[in-house]
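Derivation of every value follows stated rules applied to the coordinates shown; laboratory data play no part. Everything quoted here is computed from the prediction, not taken from an experiment. We place every Cβ from the backbone using ideal geometry, glycine too, and count neighbours over all the protein chains shown.
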Amino acid sequence: MLWAIFRANSRVLKAIFEFYKQGFANLTLGKILWKIIFVKLFVIFFVFEMFVFDDNFKALYKSDEEKTHFVLKNLLQEE
């Protein structure tokens with residue numbers, strides 16, 4: 001029973017994969033657009049993350065003492 005479900009889903013996944021594979025193979029303008037999309041995603045996730053959104057623990061607290069104080073303060077905080 002379980003094997004039959006897996007085989008049926010496997011055929012569906014193969015059909016979906018073949019559909020997209022043939023679609024991408026026949027693209028002309030679409031390939032250029034996909035390249036532009038990937039470049040934009042790279043810029044958004046890597047370049048902006050490195051230079052614009054650099055608010056991590058290392059950037060906020062320079063010394064180990066400051067980091068320790070922050071962690072202890074937040075762990076021992078009473079509500």
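Odds and ends about this structure:
- Nearest-0.05 FRET efficiency for Val12 and Ile37, computed from C-beta distance (R0 25 Å): 0.40
- Pairwise label distance in nanometres, Trp3 with Lys21, each label 7 Å out on the Cα-Cβ vector: 2.5 nm
- At an R0 of 30 angstrom, the distance between the Cβ atoms of Val47 and Asn74 translates into a FRET efficiency of 0.45.
- When all alpha carbon pairs of the chain are counted in 5 Å bins from zero, the resulting P(r) reads 3, 11, 9, 9, 9, 9, 9, 9, 7, 8, 12, 6, 0 %.
- For the stretch 13-77: lysine pairs under 22 Å (alpha-carbon distance), excluding those fewer than 8 apart on one chain: 6
- Calculated mean residue ellipticity, 222 nm, the chain: -22500 deg cm²/dmol, from DSSP H runs (n ≥ 4) at -39500 (n - 2.57) each, averaged per residue and rounded to 500.
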